[in-house]
Every structure is written in C-alpha cells, then in structure tokens.
Amino acid sequence: MNAPLKPPRRATACPHDCPSTCALEVEVLDPRTMGRVYGAAENSYTAGVICAKVARYAERVHNPDRLTTALLRTGPKGSNQFRAIGIEEALDRAAEGLAAAEARHGAESVWPYYYAGTMGLVQRDGINRLRHAKRYSDQYSTICTALSWAGYKAGHGRMTGLDPREMERSDCVVLWGTNAVVTQVNVMTHAVKARKARGAPIVAVDVYDNATMKQADVKLLVRPGTDAALACGVMHVLFRDGFADRAYMARYADDPAGLEAHLASRTPEWASAICGVPAADIVAFAHLIGARPATFFRIGYGFARQRNGAVAMHAVTCLPVVLGAWDREGGGALHTNSGMFGWDKRAIEGLDLRDPSVRSLDQSRIGAVLTGDAAALRGGPPVTALLIQNTNPVSVAPDQEVVKRGFAREDLFTVVHEQVMTDTSRMADLVLPATMFVEHDDVYQAGGQTHILLGPKLIEPPGDCLSNHEVLAGLARRLGVDHPSFALSARDLIDDTLRASGRGSLAALEDARWIDCAQDPGRAHFRDGFGWPDGRFRFRPDWAGAAAAMPGGGDASAMPAFPDHWAVIEEADAAHPFRMTTSPARNFLNSSFTETRTGLAKEERPSVMIHPEDAAPLGIGDGTAVELSNARGAVRLHAKLFDGVRRGVLIAESIWPNGAHADGRGINTLTGADAPPPLGGAAVHDNAVTIRALADG
Ligand SMILES: Nc1nc2c(c(=O)[nH]1)N[C@H]1C(S)=C(S)[C@@H](COP(=O)(O)OP(=O)(O)OC[C@H]3O[C@@H](n4cnc5c(=O)[nH]c(N)nc54)[C@H](O)[C@@H]3O)O[C@H]1N2
Ligand SMILES: Nc1nc2c(c(=O)[nH]1)N[C@H]1C(S)=C(S)[C@@H](COP(=O)(O)OP(=O)(O)OC[C@H]3O[C@@H](n4cnc5c(=O)[nH]c(N)nc54)[C@H](O)[C@@H]3O)O[C@H]1N2
Ligand code: SF4
Ligand SMILES: [Mo]
C-alpha cells in the first residue's frame with residue numbers, strides 16, 4: 001500500500017516513551033552506520049514531522065560514550081570504578097548473582113525492574129517472561145500512568161478516545177496539561193490544521209507559559225494541582241448559562257442531576273480562588289466551548305502528576321460529557337488510545353506462567369522497597385537482587401535520597417542493562433551493554449494515535465551490545481528456565497504476537513510499514529456506550545472499586561464523590577512558600593538524550609524558573625545559583641527570571657543527570673514517593689519547596 005522507500009532510506013518507528021510513536025525513515029549509510037532521520041510523510045499521523053532530538057539520532061547511536069562492553073564493579077558501590085569483561089562471563093556472573101539471591105531468601109528477593117526506555121513490545125516487556133518463569137517479584141507499574149489512567153478510566157470505563165486525526169474537524173482544540181510542542185509535537189500538526197481550516201481556537205491549560213501556551217489563542221494559567229477546580233467552575237457555567245447538553249447526559253451519563261446540584265456552589269469565583277485563573281476568564285472559556293461543542297480535548301499527563309491527579313483527570317473528562325462534545329464530529333477527548341489494541345502478549349510476557357500469588361512491588365516506591373520498608377515489601381523478604389532494563393530509577397524515581405540509600409546497600413546485587421552510563425548503571429555491580437532501536441527488531445504501538453509500526457534491525461550493533469531479548473534468553477539458559485519464547489528470534493516473537501492478536505503477520509506488516517487500527521468512529525465516540533455495563537459515563541466514580549485493583553488494596557475512602565478540588569496536594573506553607581513542578585525539557589526525553597552533546601548544549605544547565613517579583617525580595621537575579629529544599633532534601637541549580645508563571649510557582653524543567661547539579665543531587669530529591677489514591681503513582685509535579693540564593697553563586 002505504501003511505496004517502498006528508496007535507499008538509503010529504511011522504514012522504522014521511534015522507540016521512545018512518547019505518545020506520538022512517529023513513523024520514521026532512517027538513512028542507512030553502511031551496515032554499521034546510520035545517517036539522518038525523517039518523519040514519514042505518508043503516515044497520516046506523523047505527516048512528515050518529528051522532533052529535533054530524534055532527527056539527530058545518529059548522535060545518540062554513534063555516541064563515543066556508548067557502552068559497548070560489559071563492566072564489572074571493582075571499587076566501592078557508586079564509585080564508578082569498573083573493568084571491562086567479556087559478555088559471556090558477564091552473563092554467567094549475572095545468572096550466578098540472581099541464583100545466589102534466590103537461594104538465600106527465595107525467588108521473590110529478585111526484582112526485575114523495567115520501564116519504557118524502548119516502547120517495543122518484545123524488548124520492553126520480555127523481562128516479564130523471565131520474571132514469571134522464575135516467580136521473581138512482580139512490578140506494579142505506576143511511575144507514568146497510574147494517576148492519569150485511574151482518573152480517565154473512572155469516568156469512561158476504558159482507555160480509549162478519539163482518533164487524533166479527527167482534530168481537523170474540530171471547532172476548538174483544548175490542550176490540557178500537555179506541553180505538546182515539547183512532548184508530542186505531532187499534536188500541533190493536527191491542532192493547527194483545525195485552526196487553519198475552521199478558525200478553531202487553540203486553548204492551553206498549564207502552569208507556565210511554555211512553548212505550547214505560546215502558540216495558543218487562549219491561555220489558562222493555573223496553580224499546580226488545581227485543575228479540578230477550574231473544570232468544576234467551567235461546568236458550573238455550562239449548566240448555568242444553558243450550554244449543558246441535557247439530552248446527551250440523560251442518555252449517556254449516570255447522574256447529571258446529582259452533578260448539577262453538586263456544582264451549584266462551584267462558581268467561577270470559587271474556582272478562581274483555588275486555581276488562580278480570573279473568574280472572567282473561566283466564564284469566557286466556558287462560553288467559548290459552550291458555543292463550540294465540537295471541541296477536541298487533548299488531555300495530557302502533566303496535570304495528573306499531582307496527589308489529587310486522578311480526581312483532576314476525572315473532573316476534566318467530565319467536561320466533554322456535560323458539553324455533549326462526544327456526540328459531535330471533532331468533539332470529545334483523547335488521553336490515550338492504548339486500550340484499543342487488544343494485544344495477546346502471552347508469548348512475549350510468558351503470561352501462561354504468571355502466578356498471581358507472587359508479590360507485586362510498586363515501581364515508584366523503589367526507594368522504600370530497597371531500604372526495607374515492610375509495607376513496601378508487602379511483608380515479604382528483602383530485595384537482594386535487581387535486574388534493570390529500560391529505566392534509570394536513580395535519576396527518575398521520586399524521593400531520590402532514599403533511592404540512593406537503597407542502591408548503595410552492599411548486600412544488593414544490581415545488574416543494569418544500558419546503552420549509556422547513567423546514574424543507575426553507576427550504582428551497578430554489573431553493567432551489560434544494550435543495543436539501540438536501529439540495532440534490533442521490534443514492534444511498536446502508539447498511545448496518542450492509532451498505528452502499529454514495525455522497527456526492524458537496520459544496522460549492526462557496536463562491540464558486545466546485546467538486545468534485551470538476547471540478554472533475557474542468555475540468562476534463561478543459564479538459570480535453567482524453559483519457555484519456548486526464549487528460543488525464538490525477536491522477529492518470530494513479533495510474528496507470533498501479531499498473529500495471536502489478530503493483526504496479520506510480520507510479513508504483512510513489513511510490506512505495509514504500519515497498520516492503522518483506528519476504531520470505528522461510533523466506538524471512538526462511545527456511541528455504543530461507555531465502558532460500563534450500563535454504558536453510562538460516571539460523574540460519580542467508583543473510586544473504591546478502582547482502588548481494589550492496587551496490589552495490597554488502595555484506600556479511596558477520602559476521595560470526593562463528584563468532581564471537585566481535592567485538597568490533598570502538598571500545599572505551600574510558611575516554611576515552603578513555593579509550589580514546584582518538574583515539567584519536561586524539550587531536548588531531553590525523561591533522562592534520555594542527557595548524554596548527547598547537542599541536548600546538553602541546548603538545555604545549558606539545570607535551572608528553575610521564578611517570577612521576577614518573587615525573586616527580587618529574595619536577592620535572586622537571573623542566573624543566580626540557588627538551592628531548593630524541602631523535608632526530603634536539597635537541590636542546587638540556577639534561577640531563570642520568567643514572568644510567564646504565577647507568583648509562588650517554580651518550574652524546574654527536567655530530568656537532568658544527578659551529576660549536572662552542583663552536589664550530585666537531582667531534581668527528584670525533592671519529589672515524594674507516597675502512593676496517592678486510588679492506585680498510587682508519582683506526583684512529581686506536586687512539591688512544596690523553599691528557595692534561597694547561594695552565597696557562592
Ligand atoms: N521529576 C520528574 N521525574 C519524572 C518525570 C517528570 O516529569 N519529572 N517523568 C516520569 C515519567 S512520565 C516517566 S515515564 C519516567 C521515565 O523514566 P525512565 O524510564 O528512566 O526514562 P527513559 O529516559 O525514557 O529511559 C530510561 C533508560 O532506558 C534506556 N534504554 C533505552 N532503550 C533501551 C533498550 O533497548 N534496552 C535497554 N536495556 N535500555 C534501554 C535508556 O538509555 C535510558 O537510560 O520518569 C518519571 N520521572
Ligand atoms: N521533550 C520531551 N518529550 C517527552 C518527555 C520528556 O521528558 N521530554 N517525556 C515523555 C513521557 S515519558 C511522557 S509520559 C509524556 C508526557 O507528556 P505530557 O502529557 O505533556 O505530560 P508532562 O510532561 O508530565 O507535563 C505536561 C505539562 O503539564 C504541566 N503541568 C504540571 N503540573 C500541572 C498542573 O497541575 N496543571 C496543569 N494544567 N498543568 C500542569 C507541565 O508544566 C507541563 O507543561 O511526554 C513524553 N515526551
Ligand atoms: S515526537 Fe516523540 S515519537 Fe516522534 S520522533 Fe520525537 S520522541 Fe519520537
Ligand atoms: Mo512517562
């Protein structure tokens with residue numbers, strides 16, 4: 001269906017943890033060398049556009065600092081003293097270490113730990129096959145999506161939404177809590193189409209005048225953690241001024257009368273006092289979308305990284321229902337379409353071997369787990385061995401001081417499989433060198449759009465680099481694990497998985513380059529009903545039911561019955577007068593790309609944005625060295641004066657390597673690892689801190 005590419009261009013997909021999942025064309029210059037990367041023009045979502053950091057990906061693949069041999073620790077933990085060893089010896093030692101931990105305290109003392117450094121299904125999720133086969137501790141994955149997905153599912157009952165390409169038929173586009181220009185640039189392609197074709201205004205809701213808000217027609221600048229108040233104020237006006245679609249709600253919602261009564265006291269003035277947006281702006285926004293029910297709400301993750309994030313997400317998702325937006329072409333919402341693919345991952349994850357009685361440990365609470373917190377360990381044995389792929393917790397996990405204490409334990413055996421030296425691999429006993437996406441085969445599924453894409457191996461890896469699948473197969477063999485998938489190639493696993501999932505075959509995907517899995521429009525708009533037995537959207541969520549799915553059971557008893565401002569955020573107080581978010585930096589992707597020269601040069605140095613009127617009385621000028629602190633620790637960086645942020649709010653664009661900060665403490669030193677209801681998660685944008693100028697600045 002798509003014409004074959006002309007050499008040296010080869011088709012692939014972006015492997016990174018980004019909702020865009022771009023269809024890429026990579027120049028292959030010789031069997032070991034890649035050149036420039038382009039967005040595929042024929043892909044209707046990518047539409048030829050990719051971000052700058054991936055366009056220059058050759059810099060990451062051919063980085064002289066890449067890991068190309070296995071490393072064995074020779075000095076004290078964290079001293080960064082290693083010697084190179086052969087890859088077979090390294091795998092022998094890794095298997096011996098895991099087996100020794102198992103022999104001492106049982107299989108649950110081994111914790112395979114991973115995330116989404118690559119989003120490929122084979123190379124990301126294969127670690128679970130080894131886990132289940134060995135009955136190692138399970139991972140309860142919370143760091144990115146637990147808060148926002150809990151909030152979205154609470155109303156809709158399933159994790160799907162609009163096809164993003166429908167945006168071009170929208171009368172208004174609301175970008176809520178996503179810095180799309182930075183984090184998923186393709187959203188802008190489609191939003192701008194709507195603006196050009198139909199004069200649709202673009203609205204941005206965020207905590208600072210970021211790159212996305214700068215492009216928006218309407219700017220709503222909220223205080224961090226107060227989006228539910230804004231949403232309630234807007235819904236109050238929709239009901240009050242005759243914009244609520246009562247017929248739609250009567251058919252598709254659980255309790256519109258209850259919601260309306262509840263919102264009676266949530267006036268724009270009430271909302272304004274909480275969220276900081278002037279009441280007149282709240283009314284104007286309500287009237288704007290009230291007059292344009294075909295409004296597309298593109299709802300991001302950022303505003304849900306707050307302790308009340310699930311409640312906030314649910315509140316925002318009530319808006320399109322009150323508006324009857326779902327009933328209009330171009331109207332409704334998209335948070336993620338990840339729930340629509342229906343993968344059968346038995347072959348990849350070894351789900352046939354999974355024993356649900358094995359304990360599951362909270363990814364975001366890795367610090368508490370490693371420092372022996374009995375509740376975090378769920379009453380089981382200590383974790384004495386870690387096998388880490390695809391993630392960099394010593395940098396990205398909250399409550400960093402505790403995480404570091406855990407990793408420093410002499411009785412902890414840590415294997416890190418990585419592409420580059422990271423804060424985490426520096427704490428390892430054994431480092432294994434990993435391939436990059438152009439060096440292994442995988443299949444990718446988009447979250448923010450509707451395609452499945454193939455990412456074939458295009459060039460040979462350097463040195464001893466192994467793919468995740470190869471490392472897992474090597475360990476399985478040494479540990480005597482028997483599961484047929486370990487003997488398969490990554491290509492065979494892709495083929496099996498596509499077939500089992502009813503998505504054709506590897507050969508077909510190779511020909512087609514991608515499969516568009518878009519739902520039929522009726523289903524995308526929930527015209528067949530929301531994902532509950534009665535088909536009705538829940539204005540009144542079953543939070544307790546949601547919390548029951550958390551390993552060990554979550555406590556939702558204090559959660560509000562209807563959408564509301566839930567005052568459980570880390571409020572500023574006299575000792576910690578500022579609210580701080582750790583919003584994403586344009587040239588990094590989480591902790592990735594912090595190892596590339598261009599990324600570092602463009603981001604300059606770790607910094608924190610502060611309003612000039614907040615800065616002046618503290619003796620802080622532009623570029624002053626400052627320290628941010630709270631009960632969890634202190635972080636050093638430099639101030640940037642910026643009036644596009646509310647008074648009392650600080651923005652530290654992240655995530656820099658810990659070592660980029662003056663005393664090696666990264667931004668997550670300040671973030672908390674308590675598990676917010678109903679399902680846990682990392683409230684990394686919800687921090688109260690104090691700031692002071694450093695004398696030596
Ligand atoms: N303060 C703060 N903290 C945050 C966030 C924030 O906004 N602020 N964001 C949070 C979010 S949303 C997330 S998702 C997490 C993400 O945090 P991480 O999971 O750490 O994120 P990444 O940087 O995407 O990937 C981690 C590592 O995977 C490695 N990797 C990539 N591909 C492969 C591969 O094929 N094999 C192997 N073995 N390794 C590979 C990369 O080199 C990289 O070092 O961070 C969270 N932490
Ligand atoms: N360049 C770049 N791209 C990335 C990433 C990256 O680190 N850098 N990370 C990738 C990953 S893993 C993910 S999950 C996605 C996430 O992408 P997004 O969905 O965009 O989510 P976040 O990056 O957490 O934050 C988005 C915005 O939310 C804002 N925000 C924080 N608190 C609040 C609040 O209380 N209310 C409101 N309204 N806004 C708030 C932040 O300031 C930020 O501008 O992006 C991916 N893409
Ligand atoms: S926008 Fe996202 S998916 Fe696209 S190339 Fe950049 S990181 Fe990859
Ligand atoms: Mo994420």
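The values are calculated or read from the model by the stated rules, or taken from the named source; none is laboratory data. Note that the structure is a prediction, hence the values are computed from the model and not measured. Here the Cβ is made from the backbone with ideal geometry for all residues, glycine too, and neighbour counts use every protein chain on show.
For this structure, a couple of remarks:
- Filter result for residue 365 (surrounded by fewer than 22 Cβ atoms within 10 Å (Cβ to Cβ) and of a type outside the set (Gly, Ala, Ser)): no
- Qualifying positions in segment 390-422 - within 16 Å of ligand 2 (Cβ to nearest atom) and polar (S, T, N, Q): 390, 391, 392, 395, 422
- Only a single criterion out of (1) touching a residue at least 60 places away in the same chain (Cβ under 8 Å); (2) more than 16 Å from ligand 4 (Cβ to nearest atom); (3) of a type in the set (D, E, K, R) is not satisfied by residue 53, namely (2).
- Any hit, segment 190-198, residues being modelled with pLDDT of 95 or more, within 16 Å of ligand 2 (Cβ to nearest atom) and either within 16 Å of the chain's Cα centre (by Cα) or not assigned by TED's automatic domain parsing to the domain that holds residue 287 (or both): no
- Applying the criterion of being within 27 Å of the chain's Cα centre (by Cα), surrounded by fewer than 22 Cβ atoms within 10 Å (Cβ to Cβ) and more than 10 Å from ligand 2 (Cβ to nearest atom) to the residues of segment 218-253, the residue that is farthest from residue 291 (Cα to Cα) is 219.
- The residues of segment 595-614 that are surrounded by 17 or more Cβ atoms within 10 Å (Cβ to Cβ) and under 12 Å from residue 653 (Cβ atoms), listed by number, are 603, 606, 607, 608, 609.
- Selection of strands (runs of 3 or more DSSP E) fully inside segment 587-658 by the criterion of at least 3 residues being among the small types (Gly, Ala, Ser) and farther than 20 Å from residue 418 by Cβ returns 633-641.
- Flag if residue 372 is outside the structural domain of residue 160 (by TED's automatic domain parsing), surrounded by 21 or more Cβ atoms within 10 Å (Cβ to Cβ) and over 18 Å from the mean Cα position of the chain (by Cα): no
- Test result for residue 130, modelled with pLDDT of 95 or more, closer than 25 Å to residue 531 by Cβ, crowded, with 24+ Cβ neighbours inside 10 Å and not polar (S, T, N, Q): no
- Subset of segment 357-381 [more than 19 Å from residue 391 (Cβ to Cβ) and not acidic (Asp, Glu)]: 357, 358, 359, 372, 374, 375, 377, 378, 379, 380, 381
- Options 280, 271; residue that is more than 25 Å from the chain's Cα centre (by Cα), among the small types (Gly, Ala, Ser), more than 16 Å from ligand 1 (Cβ to nearest atom) and buried (at least 24 other Cβ atoms within 10 Å of the Cβ): 271
- Here residue 580 clears all of (1) within 26 Å of residue 311 (Cα to Cα); (2) among the hydrophobic types (A, V, I, L, M, F, W, C); (3) touching a helix residue (DSSP H, G or I) at 6+ places or on another chain (Cβ under 8 Å) except the condition numbered (3).
- Number of positions in segment 533-586 that are among the hydroxyl-bearing types (Ser, Thr, Tyr) and either outside any loop (DSSP other than H, G, I, E, B) or not assigned by TED's automatic domain parsing to the domain that holds residue 656 (or both): 2
- The residues listed here are 396, 438; of these, the one that is of a type in the set (A, V, I, L, M, F, W, C), within 25 Å of the chain's Cα centre (by Cα), farther than 20 Å from residue 106 by Cβ and within 16 Å of ligand 4 (Cβ to nearest atom) is 396.
- For segment 179-229, residues that are within 16 Å of ligand 3 (Cβ to nearest atom), over 26 Å from residue 655 (Cβ atoms) and touching a Pro at 6+ places or on another chain (Cβ under 6 Å) total 1.
- Helices (runs of 4 or more DSSP H) contained in segment 274-371 and holding at least 1 residues within 16 Å of ligand 4 (Cβ to nearest atom) and either among the aromatic types (Phe, Trp, Tyr) or modelled with pLDDT of 95 or more (or both): 309-323, 366-370
- Near pairs, Cβ below 6 angstrom, 6+ apart or cross-chain, from segment 129-144 (farther than 21 Å from residue 485 by Cα) to any residue that is more than 16 Å from ligand 2 (Cβ to nearest atom) and of a type in the set (S, T, N, Q): 140/360
- Those residues of segment 517-532 which are in a loop (DSSP other than H, G, I, E, B) and in contact with a Ser or Thr (Cβ under 9 Å, 6 or more places away or on another chain), in sequence order: 517, 518, 519, 526, 531
- Hits in segment 262-287 - residues which are within 24 Å of residue 171 (Cβ to Cβ) and touching a Pro at 6+ places or on another chain (Cβ under 7 Å): 282, 283
- Cβ-Cβ under 6 Å pairs, at least 6 apart or on other chains, segment 658-685 side on the phi > 0 side of the Ramachandran plot, far side within 13 Å of ligand 1 (Cβ to nearest atom) and outside any loop (DSSP other than H, G, I, E, B): 664/658; 680/146; 681/146; 681/147
- Which listed residue, of 487, 434, is of a type in the set (Gly, Ala, Ser), under 21 Å from residue 116 (Cα atoms) and touching a residue at least 12 places away in the same chain (Cβ under 8 Å): 434
- Segment 141-180, residues that are of a type in the set (A, V, I, L, M) and closer than 22 Å to residue 686 by Cα: 143, 146, 147, 150, 154, 175, 180
- If only residues of segment 100-130 that are out of contact with any Phe, Trp or Tyr (no Cβ under 9 Å at 6 or more places or on another chain) and within 16 Å of ligand 4 (Cβ to nearest atom) are counted, the one that is nearest to residue 60 (Cα to Cα) is 117.
- Qualifying residue in segment 107-115 (condition: away from ligand 2 (no atom under 16 Å from the Cβ), hydroxyl-bearing (Ser, Thr, Tyr), in contact (Cβ under 8 Å) with a residue 60 or more places away in the chain and in contact with a strand residue (DSSP E or B) (Cβ under 6 Å, 6 or more places away or on another chain)): yes
- Strands (runs of 3 or more DSSP E) enclosed by segment 93-200 - at least 2 residues per element that are within 14 Å of residue 296 (Cβ to Cβ): 172-176
- Of the numbered criteria (1) touching a helix residue (DSSP H, G or I) at 6+ places or on another chain (Cβ under 9 Å); (2) modelled with pLDDT of 95 or more, the one residue 636 fails is (1).
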